[in-house]
1. Just to verify a number: FRET efficiency for residue A:14 and residue B:348, C-beta to C-beta distance, R0 = 51 Å, to 0.05?
2. Taking only Cα atoms, what is the 0 to 90° angle, nearest 10, from helix B:306-316's long axis to the longest principal axis of chain B?
3. With a 10 Å cut-off between alpha carbons and a GNM built on chain B, which of B:301, B:157, B:86 moves the most?
4. Rounded, prolate or oblate: pick one for the stretch B:128-274, where a ≥ b ≥ c are the square roots of the eigenvalues of its C-alpha gyration tensor, a/c under 1.5 means rounded, and failing that, prolate if a/b is larger than b/c, else oblate.
5. Normalising by the residue count of the stretch A:170-244, find the relative contact order in percent from Cα pairs under 8 Å and 6+ residues apart.
6. Taking all pairs of distinct Cα atoms, average 1/r, flip it, and tell me the Kirkwood hydrodynamic radius of the stretch A:2-297 in Å to one decimal place.
7. If I fit a long axis through the Cα atoms of helix B:225-234 and take the longest principal axis of the Cα atoms of chain B, what angle between them do I get, 0 to 90°, rounded to 10?
8. Counting pairs of alpha carbon atoms under 8 Å apart in space and at least six apart in sequence, what relative contact order in percent does chain B give?
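Bear in mind that the values in this text are calculations on the coordinates, not laboratory data. Remember, it's a predicted structure, so these values are computed and weren't measured experimentally. Don't worry about glycine lacking a Cβ; one is built from the backbone with ideal geometry, like all the others, and counts go over all protein chains shown.
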C-alpha cells in the first residue's frame, strides 16, 4: 500500500513521467491494436474467435528474426513476415479453419486453441525456447533531460503499424475484395446469392489476418522481444480490445488498442509491473459489465 | 632407418588402436546401471533442459571411457531412461511415478528448474529413491526434510547476495555508510527468483540498506520500462534483476535504450540470454551471477580442470563451438559424477547404502567442492560473480577466485 501511494506521488512530483508513460503505452498499444484489428476481421466476417491470434504474431516475429539472421535488412522483415504469414494463414485455413467454420462456437474455439499450441511448440522445436530480438542500428532520441527516451526503432515500428492499418482500411473501403468481405460479414447467404464466392472471401480474410499478425510480430521483434510462448499475451489483449471496441468498428479498435496500452503502463507504474496483465483482464471485465448494462436498455425479443 | 621408424610408428599406432578397442570392449563388458530422468525437452525450459541432458550424457561417456563404475568386483555403465516433462510440473510428477513403478528405476537424476524439482521430489521421497539433482536451486527444496534429495549446486538465495556485500564495500571505499545504499529489486514471481530476492533483502537488512523498489516481474515479460522509469526517478545504487533469460534480455535491452545510470547492476542468466552477443556494449559492466565458470581453478581426476571440461565438452558437442558452455551443463555432469563416486564408495547396489554414501560425499570436482548438508544442498561451493568487461565475462567476486578488478561505478553506455 505504501508503495502504491509513493508511486502515485511520483507521478505528481515528476509530471514529465506521465508523458513518458503515455508515450510508452501508446507505442505498445499500437501493436496491440494491429493484432486486435486482424482478430476483429476474422471474428466479424467468419464468426471464428481465433485463439491462435497471438501465436500468429509470434510466428511472424520468428520469420523476421530468422530472415534477419540470414542477412535480410531487418526493416524488410516486416513485409517479408507479411507475405510468409499470409501463406501460413492460407494453409491453416485450408487445413483447419475451413472445416470448422460452419460448426458451432465450441468447435472453432477448440480448433484454434489446438492451432495455438501447435504453432508455439513448432516454433519451440525450430528455434528453441530462448528469447530473441533484433537490434536495429538506430539511435535513441532523448527529451526532457533524458527522462523520455524514444528509440528510433520504436518510432519506425509504430509508423509501420500505422501505414499497415491505414492500408488495410483503404483496402476494405475501396477494393472489390474489400467490398466482398464486408458483404460477407453482413450476410454470408445473401452475399452467396449475389454471386460472391464466400469460400474465397473466408480464405482471403483469414490469410489477411495472419499476415497482419505476422507484420505486427516482425515489428515487435525489432522493438521488444519474443519467445515461442509469448503468444497468449497478445491473444488476451486482442480479445479485450475487440470486446471493448465491438466488431466492424475499426477506428474503435485502434482507439481501444492505444487506450489499453496506456492504461496498462499506468497500472504497471502504480501497482507494479506484475499486475500489468491483471489490469488488461480487469478492463475486459469492466467492458463486459458496461456492455451488459447497455444491452439491457435495448428492447429485445427472443429469437 | 626410415622404414624402421615407419614400422615403429605403425606398431605404436596399432597398439594405441588396440588399447582403444580394449577400453571400449571393457566398457561394453560392463553391465548397465539404470538411472531415470524426467527432463524438459520441449516447452519453455527446453533450452536449459537440453543443456542439462547433454551434461548428463557427457559425464556418462567420460565415466564409460574411464572404465565404468566399479561396484565390488563388477563394473557398470550408467544408462539413463529419459522422459520429456514438457516443462510442466504435473507431467514431471507423473513421469517420475512411471519411471519408478513401470520402469523399476532405483536412482534418479534431477529435472531442470526448481519448479520441476519441487514437483518430482515428493514422488522420489515417497518411494525412497535417491535423486541427485543439478538444476533446482530454490531453498524451499531444502526445508521440507527430504532425505533422498541431493543438489550439487548452490541454493538460489546466494545467487546475487554477494552483490549486496560488494555494494557495501564500494560505499565504504567512497567514504559513505553502507546503510546509505539504496537497492532496487525486480524479480520474477517464481520460487527461484523469489529466493534470490529473499537472499538480497536479508543481506541488505544486515547492512541496514533500504529497498526503494521491490517489484515482481510477470511471467511473460517483454517490457519493463515502468520499473526502469522508477529507477531513473529514485536513483538506487544497486539494481537487481532476476527473471530467467527473458528478464536478462529485457533488462539489458531497456537499460541501454533508457540510459539507466545505476552504479551497480546485477542480474542472472546473462549467458543463457546471450546479452553480450545480442546487445554488445550495452551489457558492459553488468554483474552476472554464475554457479561455475571455466576460468575457475577447480579440478578433478575424471574431467581434469574446469577449462579442460569446457574444451572436451565442446569437442564432444560441436554445436556449443562458439558459445560458452553453460553452467547448467557443468553441474549436470557433476551430478552424474557424484552418483559414480557414491556407488563406488557404497560398493553395493543397495538403495539405502547408496543414499548414505551420497550423503557422505566429500568430493573435489571441476565444478567445485561438493559436500551435502543434512538438508541435501551443497554447502562447499560458493556462488561466483562475473562482470562483463568489454564483452568478456571476468570473475570479480568472491575475491579468492577473482581474476579481474571490479569496474565501479558503471557508466551508462
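1. Result of the calculation: an efficiency of 0.15.
2. That helix lies at roughly 60 degrees to the long axis.
3. Ranking B:301, B:157, B:86 by mean-square fluctuation puts B:301 first.
4. In terms of gyration-tensor shape, oblate.
5. RCO, the stretch A:170-244: 16 percent.
6. 19.8 Å
7. Result, in degrees: 50.
8. Contact order relative to length: 17 percent.
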